[in-house]
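Report on one structure; see the data block that follows.
The values are calculated or read from the model by the stated rules, or taken from the named source; none is laboratory data. Remember, predicted model here, so these are calculated numbers, not experimental data. Glycine also receives a Cβ, built like all others from the backbone with ideal geometry; neighbour counts cover every protein chain displayed. Ligands, DNA and RNA are stripped out before the accessible areas are found, and what is left, the full protein with its side chains, is counted by its heavy atoms. Shrake-Rupley method; radii C 1.70, N 1.55, O 1.52, S 1.80 Å.
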Amino acid sequence: MSDIQQIEVPGHSLGVRVDPGPEREDRPALWPSVGEYPIYDPFLYTTMTTDDERNHRFHTALERLAPGRRILDIGTGQDLLWAREGLQAGARHALAIEVIEAAFHKAAASLPAITSQDRITLLLGESTSLRFAPRADVCVAEIIGSLAGAEGAAAVLADARARHLEPGGLVIPHRAVSLAAAVRLSDLLPEQPVAFAESSLPYLRNIFDWHGSPFDVRLRVENPPADALLSEGAPVEVLEFNGDLQTQQSTTTRLVITRPGLVDGVLTWLNLWCLPDEEPLDALRMKTNWATIYLPLFDCPLPVEPGDVLEVTLATALSDDGVHPDYQLNAALHTADGQRHRGSLASPHHGGAFRSRAIYRALFPAS
Ligand SMILES: C[S@@+](CC[C@H](N)C(=O)[O-])C[C@H]1O[C@@H](n2cnc3c(N)ncnc32)[C@H](O)[C@@H]1O
């Protein structure tokens, strides 16, 4: 059973299907994907500053790469986290940039308490628009999405390498990969309705307010049961921040079904390397603030058997803001009886269709 709650969005009141069940840390939960919008608040920043799995990787990379260097912290947030850690690790200077005004002001207010504050410069703005000198030796930027590139890391870091980093300068993190596996959404939320967690509603409203109208937001699934996957995971998006960094890309992969079930989409999740030679952070298997993203493909779930193949192509192209990617997913399910079912999804960063798919019509029932 789910409830319908009304939220006020530009122009009208919108019905949203909400899970009345308890919100617990280990219980699956459905949220809109939030990281790619300028709606960060103290709660979201705290989920990151308390993410040990993430933080120890950035910390280790800074300890190795920052000593004696000029570092650039893109998206420093309200806590100046990597700028401060870089200085503690022995960086000569840290330039920190933040685009959200409230976070910038909070970071600015914390500067006087920092012992090495004379070695930090804090700027308000978007790194892609700012000009400054001298260039940095190391750029640290935690602008990685649950769908790895969704926060614009490719365009922002390609620009940083071209304009803000010394030739041969290094980027932390080193690599981010999105993996995908075949799933059915209701298997990701067992014994509970397919409905948003109540605590996510303010974020849903903030995203629609920011855009000016509702649209089919990406669906973030927290704590999905690992046994809901119908195939192994395979890479569908690869970002090599210190290598051949593509701002637009297309990857085709074959997901071989490993157990009988019903499929209606894919689940994607992040693998992240801060240094090239470490075990990656795996957002499906580790406790971290990054969650998984469910992308719908078929309005009606289709039966699958072991050996069937879901062939998936994930393509990215820069949206009209020139930074955040729009995603396009095309898929063909090949079953043993020789049938082929095609599915697709356009998942733009902002705008696009509203209630285009059955799942969005169910989540946002028309009054
Ligand atoms: C995921 S949060 C990370 C915050 C903090 N660095 C941390 O790791 O806990 C990303 C932050 O980067 C900011 N941001 C994203 N792209 C940016 C850009 N191109 N220039 C400046 N700030 C940016 C966002 O506003 C947000 O505060």
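Scan segment 316-367 for residues that are polar (S, T, N, Q) and either exposed (fewer than 13 other Cβ atoms within 10 Å of the Cβ) or farther than 30 Å from Glu126 by Cα (or both) and the total you get is 6. When only residues in segment 44-78 that are within 7 Å of the ligand (Cβ to nearest atom) and within 15 Å of Val99 (Cβ to Cβ) count, which is farthest from the chain's Cα centre (by Cα)? Here the answer is Asp73. Within segment 86-104, residues that are within 16 Å of His164 (Cβ to Cβ) reach partners that are among the polar types (S, T, N, Q) and within 11 Å of the ligand (Cβ to nearest atom) with beta carbons closer than 7 Å, at six or more positions or on different chains, in the pairs Ala96/Thr76; Ile97/Thr76; Ile97/Ser127; Glu98/Thr76. Taking segment 231-261 as the range and being open to solvent by 60 Å² or more (accessible area, probe 1.4 Å) and either more than 30 Å from Pro167 (Cα to Cα) or without any contact (Cβ under 8 Å) to a residue 60 or more places away in the chain (or both) as the test, the residues that pass are Glu232, Pro235, Asp244, Thr252, Arg254, Val256, Thr258, Arg259, Pro260.
When Ile71 is tested against (1) closer than 16 Å to Ala291 by Cα; (2) open to solvent by less than 10 Å² (accessible area, probe 1.4 Å), just one condition goes unmet, and that condition is (1).
For segment 132-156, residues that are in contact (Cβ under 8 Å) with a residue 12 or more places away in the chain and more than 9 Å from the ligand (Cβ to nearest atom) total 13.
Would you mind finding the one in Ala96, Ala91, Ala83 that is over 17 Å from the mean Cα position of the chain (by Cα), modelled with pLDDT of 95 or more and farther than 22 Å from Glu126 by Cα? Result: Ala91 is the single residue among Ala96, Ala91, Ala83 that is over 17 Å from the mean Cα position of the chain (by Cα), modelled with pLDDT of 95 or more and farther than 22 Å from Glu126 by Cα. Among the candidates Asp19, Asp3, the residue that is in contact (Cβ under 8 Å) with a residue 40 or more places away in the chain, within 21 Å of Pro224 (Cβ to Cβ) and of a type in the set (Asp, Glu) is uniquely Asp19. Against the numbered list (1) away from the ligand (no atom under 16 Å from the Cβ); (2) buried (at least 16 other Cβ atoms within 10 Å of the Cβ), Tyr203 comes up short only at (1). The residue of segment 22-43 that is surrounded by the fewest Cβ atoms within 10 Å (Cβ to Cβ), among those that are hydrophobic (A, V, I, L, M, F, W, C) and either within 16 Å of the ligand (Cβ to nearest atom) or at pLDDT below 95 (or both), is Phe43.
Within segment 157-176, being over 16 Å from Ile71 (Cα atoms) and within 13 Å of the ligand (Cβ to nearest atom) holds for Ala158, Ala176. Within segment 80-95, the residues that satisfy the criterion of being more than 9 Å from the ligand (Cβ to nearest atom) and crowded, with 19+ Cβ neighbours inside 10 Å are Arg84, Glu85, Gly86, Leu87, Ala89, Ala91, His93, Ala94, Leu95.
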